[in-house]
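Asker: Quick one: this structure, given as structure tokens, is what I'll be asking you about.
A short reminder: the numbers here are calculations on the coordinates, not readings from a lab. These figures come from a predicted structure and were not determined experimentally. Every residue, glycine as well, gets a Cβ built from its backbone with ideal geometry; the counts of neighbours run over all protein chains shown.
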Amino acid sequence: MGAMLFHRKKESLEPVYTSIFDIPATDIEGNEVILGDLVKDCKCVMIVNVASKCMLANKHYTQMVKIHKCFQHKGFQILAFPCNQFLGQESCSNDDINEFVRTKYGVEFKMMAKVNVNGVNSHEVFKFCRKYSSLYDEKTGKLKSIPFNFSKFLINSKGQVEGFYSPKKKPDSMIDKIKEILQRED
């Protein structure tokens, strides 16, 4: 038997877009959208990869719903991207995910279609966020992977990444930074 060779594709570290608000995506209902259209007039946006079957789901979804309700009228929005790359914890269809989070948690923020956040098929949103956050080391040019479900990024009204928050950081721990961005953007 001959030896099998596997050629691993390298992940492109350079995002194609210069503004996160120019990036196209698909919402959870299958509509193609431009992120800037979804967050028009927003001063602060949380981008998060989510998974319904993750042990972090209950605490994170509950806190995100609360934060969204508290700050949405001040210009805050959440864009949640389901991802099945971590332990297969988001294996359901987009329709099932949408029904589950809206029924169980009362989610009213923007749910997007399932994406990859790491690897060669990583969605441009996450390439952009990783490149312009603490996940990128400018000295070495190395990019760290998103570690797990419920990794979060805060984006300001100019489309700049203001911070990366690991899954260990609960959404409530981001409230002061959200307030700071909202006040600064007034």
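Asker: Show me, for region 154-171, the HN-Hα J-couplings you get by feeding each phi into the Karplus relation (A = 6.51, B = -1.76, C = 1.60, θ = phi - 60°), rounded to Hz, glycine and proline as x.
Answerer: Running phi through 6.51 cos²θ - 1.76 cosθ + 1.60 with θ = phi - 60° gives 9, 10, 8, 5, 8, x, 8, 6, 8, x, 10, 10, 5, x, 5, 7, 6, x Hz.
Asker: Can you compute the helix-only [θ] at 222 nm over the chain? Use -39500 (n - 2.57) per DSSP H run of at least 4 residues, normalise by all residues, nearest 500 deg cm²/dmol.
Answerer: Taking each H run of at least 4 residues, the total per residue is -7500 deg cm²/dmol.
Asker: So which GluC sites (Glu not before Pro) in region 83-142 are both in a DSSP loop and have at most 11 other Cβ atoms within 10 Å of their Cβ?
Answerer: 138
Asker: With Cα extents along the principal axes in Å defined as stated, name the option among [x] 64, 39, 31; [y] 49, 36, 32; [z] 197, 39, 18 computed from the structure displayed.
Answerer: [x]
Asker: Counting only DSSP beta bridges with both residues in region 18-123, what percent are antiparallel, rounded to the nearest 5?
Answerer: Of those bridges, close to 30 percent are antiparallel.
Asker: Nearest 10 degrees, 0 to 90: what angle lies between the long axis of helix 175-184 and the longest principal axis of the chain (Cα atoms)?
Answerer: 70
Asker: Which whole-number percent is the relative contact order of the chain (Cα, under 8 Å, 6+ apart)?
Answerer: Relative contact order comes out at 28 percent.
Asker: List every residue whose amide H lies under 5 Å from the amide H of residue 162, counting only residues 5 or more places away in sequence or on a different chain, with H placed 1.01 Å from N in the peptide plane.
Answerer: Here 154, 155, 156 satisfy the definition.
Asker: For the chain, set up a Gaussian network in which alpha carbons nearer than 10 Å are linked by springs, and say which option among 73, 123, 60 fluctuates the most.
Answerer: 73
Asker: So if we plug the beta-carbon distance of residue 139 and residue 73 into 1/(1 + (r/R0)^6) with R0 = 35 Å, what FRET efficiency do we get, rounded to 0.05?
Answerer: Calculated transfer efficiency: 0.25.
Asker: While we're here: Could you compute the net charge surrounding residue 31? Neighbours are other residues with a C-beta less than 14 Å from the C-beta of residue 31; K and R count +1, D and E count -1. Spell out each step's value before the answer.
Answerer: Working: positive: 110; negative: 27, 29, 32, 37, 95.
Residues near residue 31 contribute -4 overall.
Asker: Could you run the Karplus curve 6.51 cos²θ - 1.76 cosθ + 1.60 with θ = phi - 60° over region 75-82 and give me ³J(HN,Hα) per residue in whole Hz, x for Gly and Pro?
Answerer: x, 10, 9, 10, 10, 9, 10, x
Asker: Another one. Please give the FRET efficiency for residue 116 paired with residue 179, using the beta carbon to beta carbon distance and R0 = 35 Å, rounded to the nearest 0.05. Could the numbers behind the result be given before it?
Answerer: Details: r = 32 Å, r/R0 = 0.91.
With R0 = 35 Å, the Cβ-Cβ based efficiency is 0.65.
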